[in-house]
Each structure stands twice: as C-alpha cells, then as structure tokens.
Amino acid sequence: MNSLTPYLIVSAILFAIGFAIIVTKKNLILMLMGVELMLNAVNINFVAFSKFDKIPEQGQIFALFIMLVAASEVAVGLAIILKIKKYYENINPEKLTELKN
Amino acid sequence: MEIVLRELQNGNVAFGIFCLVAVIGALYVLFSKNVLYASYGLLVSFLGVAGIFVFAGGEFVSAAQIMIYIGGILILLIFGIMLSSNKKMGKGRLNIENKDMVFSLTIAVSLSLLLSFLVLESKYNISSFKPQQHIKNLGYNLMTDSVLILEIIGVLLLMALIGATYIAKKDE
C-alpha cells in the first residue's frame, strides 16, 4: 500500500475495539487484552508513519520499545491479578469494592 | 479481470485480507463469552497486525510482534487465565459476562468514525514512496541514536520482571 490512510483507519478501528473491550468485559485479564489491542493499534500508526519518514527507522524503534513496555506491563499486571485472585477469590472488577464509600 | 490482477500484484488484496483478519479477531474478543476463546481471537488479531507491519515496511517489527506478543504476552495471558479461574464454579469457570454492550459499542463506533474522519480530513506532507528499508539500518540506529533508550528499556524490563516475581511469590 502506497498510501497512509488505510493503515490509520485500520488502527483507528482496532483502537476503538480495544476501548470497547475494556469497557465491556468484567474480567481483569480481558481488560489487559483490550489494553494490548490498543497498544497494537498505536504500533500500526508508528510503523505506517515511519514508512514515509525521512529517517525510516525511528518509528520502528518506537514500536519495538512500545512492545517491550507492553511485555513488562503484562508481567506486572498478571502478578497483581494473581494476588487479587488469592485475596478476593475472584477477578471481577465490579466485586472489588473494599474501598467503595 | 485486469483490474483484479493489477490489484493482486499491487498487494492491495493481501493487505485487505490482513486488515480483515486483525479486525475480525479483535471483534471476536469483544463478543466472545469464554476467556480462553477470547485469547485465541487475540492471537488471530496479533497475526493480522504482524502482516500489516510487513506491508508498512517493518519486517523486523513484524517478526518481533510474532515473537514478543504471540510467543510471550499471549502465553503469559493464557497462564493467567489458567491460574486465575475459579475452580469452585466448575464447568462455567471460563465464562464471562458482557456488561454495557450497547453503550460500549456506541462509544467504539463513534470513536472509530471520529478518528477515521480526522484521518480522511487531514493532509499529510508525505514524500514519495521509497524502497524498502533494511534491518541493518535499524540495528545501526538502535546502537547509535537511541542507545540510551535501549539501556533504559533493559533496566525497566529487569525491574518489571523482578517486581512481578516478587509480587506473585507465595507468602510465608
């Protein structure tokens, strides 16, 4: 594809779907999946812009760093989710209401 | 017939297929009611995104996407599903409920329409199409211009992994 627009539109759709997943799902792991989808959409934008950049490597390096940050985020997030599971016996964010009111 | 052949040779058809795969996988994650099947949908979506990266001239990013996202993050997520499912619930332990589906779909559709509108309206000062880049340049750039970020990311990854194992360890 020699045009920027299709990449940006696909990434917009993926971003919106990831957002909808975060809002809809009542499960912490699926919410993490939504965050991953949104990061993927951002990565598509970075790589697509880098294709038409003067220094084409910059956007790709950004995308690689975003991937690594996402990996560390998932590792820490899953550790916290396992602790929550142990303490509250479920991972439904609507039932974790100890700090409510 | 000629138009179809030309589109096939331009790679537009393959690009469209990868886009469809990515979007359909994501939609499956949105609508599925089983956590494990949702993670498989995420796998399909990641593969589609890896294909899109190839079309955008990022072969190394595509390979890294497959290795890090599918080989690392997705496996971690499936581990998390395995360890966090509630054994007492029996057969329905992998099921999840979808709440506020209409509300979130409305927001998602309007958000994607808004972003697409902005994309179509804005003008980009894009230079003409250049030949595909080489991975060699990526390596040079990684070790010269952005070597500081590389080191910082390495330290961040170490901290995150040590922190994760510390948080998840069993209490005495």
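The values are calculated or read from the model by the stated rules, or taken from the named source; none is laboratory data. If you're wondering where the values come from, they're calculated on a predicted model, not measured in any experiment. Every residue, glycine among them, receives a Cβ derived from its backbone with ideal geometry; neighbour counts consider all protein chains shown. We work out accessible area using only protein heavy atoms, side chains counted, and drop any ligands, DNA or RNA first. Shrake-Rupley method; radii C 1.70, N 1.55, O 1.52, S 1.80 Å.
Computed over protein heavy atoms with a 1.4 Å probe, the accessible surface of region B:133-172 works out to 80 Å² per residue.
Measure up A:K26/A:K83; A:K26/A:K95; A:K85/B:K87; B:K33/B:K99 against 19 Å on the Cα-Cα distance and list the ones that go over. Violating the 19 Å limit, Cα to Cα: no pairs. For region A:52-101, the list of trypsin sites (Lys or Arg not before Pro) that fall in a loop by DSSP and count at most 15 other C-beta atoms within 10 angstrom reads A:K54, A:K95, A:K100. This model, with +1 at the C-beta of Lys and Arg and -1 at the C-beta of Asp and Glu, gives chain B a dipole about its Cα centre of some 580 debye.
Would you mind getting me the FRET efficiency between A:E98 and B:S110? Use the beta-carbon distance for r and R0 = 35 Å, nearest 0.05. Given R0 = 35 Å and the Cβ-Cβ separation, E is 0.55.
Spread over its residues, the convex hull of the C-alpha atoms of chain B is 204 Å³ per residue. Region B:148-172 and region B:38-72 have Cα centres lying 24 Å from one another.
Using a simple spin-label model with pseudo-atoms 7 Å out from Cα toward Cβ, B:L5 and B:T165 lie 6.0 nm apart. Inter-label distance, B:I135 to B:L156: 2.4 nm, where each label sits 7 Å from its Cα along the C-beta direction.
Across region A:48-64, rounded Karplus estimates of 3J(HN,Hα) from the backbone phi angles (6.51 cos²θ - 1.76 cosθ + 1.60, θ = phi - 60°) give 5, 5, 5, 4, 9, 8, 6, 10, x, 7, 4, x, 5, 5, 4, 4, 4 Hz, Gly and Pro being marked x. Averaged over the residues of B:2-8, the number of partner chain Cβ atoms lying within 10 Å of the residue Cβ comes to 0. Solvent exposure of chain A, expressed per residue, is 39 Å² of accessible area, with all protein chains present and a 1.4 angstrom probe. Loop-located GluC sites (Glu not before Pro) in region A:70-101 (DSSP state not H, G, I, E or B) with no more than 16 neighbouring Cβ atoms inside 10 Å: A:E89, A:E94, A:E98. The aspartates and glutamates within cross-link reach of A:K51, meaning a Cα-to-Cα straight distance under 13 Å and a gap of 8 or more places when in the same chain, are B:E59.
Between chain A and chain B, roughly 6600 Å² of accessible surface gets buried, counting both sides and using a 1.4 Å probe.
With a Förster radius of 30 Å applied to the beta-carbon distance between B:V147 and A:E89, the computed FRET efficiency rounds to 0.05. Its relative contact order, with pairs defined as Cα atoms under 8 Å and 6+ residues apart, puts chain B at 17 percent.
Would you mind classifying region A:1-50 by shape? Square roots of the alpha carbon gyration tensor eigenvalues, ordered a ≥ b ≥ c; an a/c under 1.5 is rounded, otherwise it is prolate if a/b is larger than b/c and oblate if not.
prolate
Across region A:5-88, the mean sequence separation of Cα contacts (distance under 8 Å, 6 or more residues apart), normalised by length, yields a relative contact order of 27 percent. Peptide B:25-33 is shielded by partner chain Cβ atoms: per residue, an average of 5 of them sit within 10 Å of its Cβ.
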